[in-house]
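All remarks here apply to the structure that follows.
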Amino acid sequence: MRGHVDAESLALYAEGELSRGRTARVRAHLSSCPDCAATLAALAEVTTQLSHVPAPSVPSAVAARLDAALSAEAAHRAAAPAPEPAAPPQPPRRNPRWSPATLRILAGTAVALVAAGGIGYAVSQSSGSGTASSSSAPSGQSAHHPAAQAEPNISRGASGGHVMKPRTGPYIPSTTRWVQTGTDYRPGTLAAQGQKLLAEYDTPGISGPSMQPAGSIPAQVSNCVSQTAHGRTVVVVDQARYRGQPAIVIVLAKPDAAVIAVSHSCTPLQSTRLP
Amino acid sequence: MTGQPGPALSGSWGAQAEPPDAELLRRHVTGDAAAFGQLFLRHRDRLWAVALRTMGDADEAADALQDAMISAFRRAADFRGDSAVTTWLHRIVVNACLDRMRRRAARPVAGGEHDLDLLARTPQATPDQDVALDVLAALRTLVPEQRAALVMVDMLGYSVADTAEILGVSPGTVKSRCARGRARLLPQLAHLRNQPGVARVSPPAEGAGEGQS
């Protein structure tokens, strides 16, 4: 090797970071060059010099500052605890299947106020007698009912109103009659009004000015009906009023014969069995 | 962390009855309000040394260490245990320092010698402290990546393997950064060198001779 080896190469040589060929050439040069050997020794002494600088301890001012910052951070966390990673993220809730026990509890209290998919089934099943025995409280009170927590399950329709998501594809038999009678259904007379509706329209071949072709029914309405019927046979659907408010009244066929009033946001309002 | 005990990273799992680092971190994640403070205090001096020597500026080092501490506090749940807790803490601190230095490098240089070290506050600087000041001044001429590697390996005694894990680079990269850093420091520290065979670094003998131990 001609000339001297630069300090960086010597330092890399000392660390074994040169290629094999270059390592051999540097080693051969060092054996015959006192200057480069001295440089190599001086490089080792740099490490010694660095190691002799005393390690600093944390100055009290810095320690106090760190303590204060940590206290503030801990207080911040205590005030607004971050979600624990141990807890699995909550899956988005949709169309929960409530247990029969839960449904019975709900049905026993404020049955008709429950806003949840498929609840109409429990409502009609638990209404018991053939009379309008269910609660007649306005749907506005449903917010006070524990079941109101089911609200997030209801998706927002394009119109801004609540639309129940159909659990499956909407299934409504082609024999279902869609009418708009303009009737204002009342809590105390729902069963009787439902029977009257049934008598008028559950006749094969009947047609009248209030009848609508099934294809003209808005998806929001048909989805809600399908949701509420929950597989039971829908005989007549009347887009009318309940206690003066726009509502959908659904009459189910035997053996599940019942009248169910739901709001346009598909909130069950009242349900009663028919004999 | 590698099996070989690094000179600075070992010791936290000592025989004392205190819970291990990982246990303290786990307690912190599960809501123990005191666990993180206990963990951080355990390593604070070493982390401070890394920050101060890497930054070369006490104020900047304090800023970086505080940033890193809060970051570790908040990100504790991300710790997966594929390295030692100390390695994880060191990595956060070093990264905070390098981030600050890169940002500082983008700005016009401010400040001069005021920040070299608290060593200079001693009323009568000993010859050793003079040497230390010279070494620290020379260290500041290195690029941040070289400086961090050299501070950890040569100055603070971390193993190459530990340093590589902390810096997130290969051991070979640590070695070459250290080698290049030493080569760069060599001419700046030549005047501090003793005669061969004397291990202790002493200042150049000017008038006062070489009388100190």
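Of everything in segment B:139-163 that's assigned to a loop (DSSP other than H, G, I, E, B) and of a type outside the set (S, T, N, Q), which residue is nearest to B:ALA84 (Cα to Cα)?
The residue in question is B:TYR158.
Being without any contact (Cβ under 8 Å) to a residue 40 or more places away in the chain and in a strand (DSSP E or B): is that true of A:PRO246 here?
Against the criterion (without any contact (Cβ under 8 Å) to a residue 40 or more places away in the chain and in a strand (DSSP E or B)), A:PRO246 qualifies.
Between B:LEU136, B:LEU98, B:LEU89, which is part of a helix (DSSP H, G or I), within 12 Å of chain A (Cβ to nearest Cβ) and at pLDDT 85 or above?
Within the list B:LEU136, B:LEU98, B:LEU89, the selection yields B:LEU136.
Conditions (1) among the hydrophobic types (A, V, I, L, M, F, W, C); (2) surrounded by fewer than 15 Cβ atoms within 10 Å (Cβ to Cβ), marked per residue:
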position	(1), (2)
A:GLU8	no, no
A:TYR13	no, no
A:ARG27	no, yes
A:LEU30	yes, no
A:ASP35	no, yes
A:ALA44	yes, yes
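Among residues belonging to segment B:37-55 that are more than 7 Å from every other protein chain (Cβ to nearest Cβ) and either touching a Cys at 6+ places or on another chain (Cβ under 6 Å) or crowded, with 22+ Cβ neighbours inside 10 Å (or both), point out the one that is nearest to B:GLU145 (Cα to Cα).
Step by step, filter segment B:37-55, then rank; the result is B:THR54.
Out of A:GLN212, A:GLN239, A:GLN180, A:GLN220, report the one residue that is buried (at least 18 other Cβ atoms within 10 Å of the Cβ) and over 30 Å from the mean Cα position of the chain (by Cα).
A:GLN239
Quick one: in segment A:3-37, of everything that is without any contact (Cβ under 8 Å) to a residue 24 or more places away in the chain and of a type in the set (A, V, I, L, M), which residue is farthest from the other protein chains (Cβ to nearest Cβ)?
So, considering only residues that are without any contact (Cβ under 8 Å) to a residue 24 or more places away in the chain and of a type in the set (A, V, I, L, M), the one farthest from the other protein chains (Cβ to nearest Cβ) is A:ALA24.
Can you pull out every residue in segment A:38-57 that is of a type in the set (Gly, Ala, Ser) and more than 7 Å from chain B (Cβ to nearest Cβ)?
Of everything in segment A:38-57, those that are of a type in the set (Gly, Ala, Ser) and more than 7 Å from chain B (Cβ to nearest Cβ) turn out to be A:ALA38, A:ALA44.
Of everything in segment B:20-34, what is more than 10 Å from chain A (Cβ to nearest Cβ) and among the small types (Gly, Ala, Ser)? Give them in sequence order.
Answer for segment B:20-34, where residues must be more than 10 Å from chain A (Cβ to nearest Cβ) and among the small types (Gly, Ala, Ser): just B:ALA22.
The values are calculated or read from the model by the stated rules, or taken from the named source; none is laboratory data. Since this is a predicted model, take the numbers as computed values, not measurements. Heads up, the Cβs are rebuilt from the backbone with ideal geometry, glycines too, and the neighbour counts pull from every protein chain shown.
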